[in-house]
1. Only one residue in ALA366, ALA422 is of a type in the set (A, V, I, L, M, F, W, C), touching an Asp or Glu at 6+ places or on another chain (Cβ under 9 Å) and in a helix (DSSP H, G or I). Which one?
2. Report yes if GLY71 is more than 30 Å from THR256 (Cβ to Cβ), in contact (Cβ under 8 Å) with a residue 60 or more places away in the chain and surrounded by fewer than 19 Cβ atoms within 10 Å (Cβ to Cβ), otherwise no.
3. Restricting to segment 336-375, name every residue that is of a type outside the set (Gly, Ala, Ser) and farther than 30 Å from PRO18 by Cβ.
4. Report, by residue number, each residue of segment 297-332 that is crowded, with 20+ Cβ neighbours inside 10 Å and closer than 30 Å to GLN103 by Cβ.
5. Looking at (1) farther than 27 Å from MET406 by Cβ; (2) touching a residue at least 12 places away in the same chain (Cβ under 8 Å); (3) touching a strand residue (DSSP E or B) at 6+ places or on another chain (Cβ under 8 Å), which one does ASP299 not meet, given that it meets all the others?
6. Which numbered condition in (1) under 16 Å from the mean Cα position of the chain (by Cα); (2) farther than 24 Å from PHE204 by Cβ is the only one that ALA359 fails?
7. Collect the residues in segment 252-292 that are in a helix (DSSP H, G or I) and polar (S, T, N, Q), keeping them in residue-number order.
Amino acid sequence: MTAMVVGSMVGAGVFQLPARFATQTGVYGALIAWSIAGLGMLTLALVFQSLANRKPNLDNGVYVYAREGFGVYPGFLSAVGFWASACAGNAFYWVLIMTTVSQLFPELEPWLGQGDTWIAFAISTVAVWGFYFLIRRGVKEAAGINFIVTVAKLVPLALFLVLVIFFVRWDVFAANLTGGYDLPGGDSLFLQVQGTMLITVFVFLGIEGASVYSRHAKRRKDVGKATVLGFLAVLALFASISILSYGILPRDELATLPQPSVGSVLEAAVGPWGGAFIRVGLIISVLGAYLAWQLLAADVVYAAAKDNDLPHQFARLNSHDVPVNAVLWTSILVTAILFAVQFVHNALDFTLDLTAALALAPYALASAYAVKIAITRDGYDGERPGVRTRELVIAIISTAYTLFLMWAAGYIFLFLACLLLAPATVLYVFARREQRAKTFTLPGLVTFIVIVVFAVIGIVLLATGAVQI
């Protein structure tokens with residue numbers, strides 16, 4: 001079971017860690033960042049485990065906790081936010097594939113760039129819609145594909161750790177300790193750590209999936225043990241990759257490495273074959289993972305429509321038992337994001353950060369719901385008082401952590417989220433009219449007004465050039 005948890009948590013984001021961390025901080029900041037992420041994400045994993053145990057009937061995804069705890073409109077916002085996060089993650093996959101191919105074949109770099117050229121957009125778009133037609137014909141995940149994906153991502157990472165540790169230059173490592181906070185004009189350690197928060201969120205996306213494996217456990221206590229052990233193993237992997245890389249190259253060189261920087265670091269250590277091995281494994285794993293994430297994104301929309309939070313047309317199944325409209329609109333949004341990244345400064349970082357930022361509100365609402373049921377003792381009948389107190393403390397820490405992450409992400413992503421959620425609310429209105437139900441409660445209406453105001457502010461700031469993405 002521990003292996004299943006590890007496999008569900010390790011994704012493509014880990015291959016970006018060396019350069020992303022080096023652009024923000026040094027060894028000290030990395031250690032602090034992973035300590036914060038370790039505590040915060042562990043509490044979040046335990047929150048999802050607790051919710052799975054206390055509310056086993058709420059099994060339609062992360063968003064359903066927001067709906068159950070805080071009302072229909074917050075549930076809708078959580079569903080759309082989580083769906084958009086998954087779609088942004090799928091766009092990230094194609095940008096990453098394009099930039100990885102250009103690293104494998106340098107002669108293609110003028111055409112593919114860093115995944116941000118129009119040729120890269122055209123190829124990615126064809127691939128997105130190719131997968132769409134495969135999925136609508138009933139192609140789904142298979143155990144064989146999952147096995148290939150797992151091997152393709154874990155074997156290169158294991159090789160990276162085994163080889164890099166023998167090539168660490170301790171003088172270089174020592175020079176990278178502070179990240180420049182001790183130099184005039186350098187960022188403080190706090191600002192350095194803040195700058196790493198979104199990448200730590202991204203690499204742990206899917207952490208809610210650990211609770212899914214509770215159904216495979218023979219004993220309930222096995223679930224908690226597997227969650228903790230699996231999480232600690234993944235945390236050790238992520239932290240080791242980040243920190244060992246500081247011993248291969250000076251921080252300024254590490255920060256400018258092309259992505260996927262794990263491949264670039266291994267190439268600097270052992271030669272071109274190391275980088276090629278990492279990049280080939282990455283492409284194989286990402287192509288397999290894309291299918292799973294596309295199905296996940298469509299399932300969020302389908303489940304929300306089944307719960308009457310989206311119009312019924314999103315729940316329509318075709319003859320292959322595929323929610324065809326959910327898959328269609330998921331593919332449309334992925335394509336739209338791929339189009340948008342042609343106009344941003346760094347396509348790979350933008351899609352990564354957007355994916356992480358959009359997932360934060362659903363995570364925060366789920367954590368807050370765990371606080372609510374612990375306080376009201378909902379689902380704790382016959383449970384020892386100490387258990388409820390422990391889970392309440394964990395839920396409070398998780399809520400505080402996710403709110404801190406929302407602040408650390410910055411106001412730009414708040415405005416971008418509102419730019420998505422404000423027009424998407426039209427779907428909520430249609431769904432409520434289908435149910436002949438009241439559109440907004442007073443708190444829901446206030447929330448909608450705030451979202452619209454933030455969306456307008458975002459449009460003004462982008463139009464005037466006051467902020468750039």
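The values are calculated or read from the model by the stated rules, or taken from the named source; none is laboratory data. The structure presented is a predicted model; accordingly, all values stated were derived computationally and were not measured. Backbone-built Cβ (ideal geometry, glycine too); neighbour counts: all protein chains shown.
1. ALA366
2. Working: more than 30 Å from THR256 (Cβ to Cβ): yes; in contact (Cβ under 8 Å) with a residue 60 or more places away in the chain: yes; surrounded by fewer than 19 Cβ atoms within 10 Å (Cβ to Cβ): yes.
When the stated conditions are applied, GLY71 passes them.
3. LEU365, TYR369, VAL371, LYS372, ILE373, ILE375
4. ALA297, THR330, SER331
5. (1)
6. Condition (2) is where ALA359 drops out.
7. Result: SER261, SER264, SER285.
Table: residues versus (1) in contact with a Cys (Cβ under 7 Å, 6 or more places away or on another chain); (2) of a type in the set (A, V, I, L, M); (3) modelled with pLDDT under 90; (4) part of a helix (DSSP H, G or I).
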position	(1), (2), (3), (4)
LEU17	no, yes, no, yes
ARG20	no, no, no, yes
THR25	no, no, yes, no
ASN60	no, no, yes, no
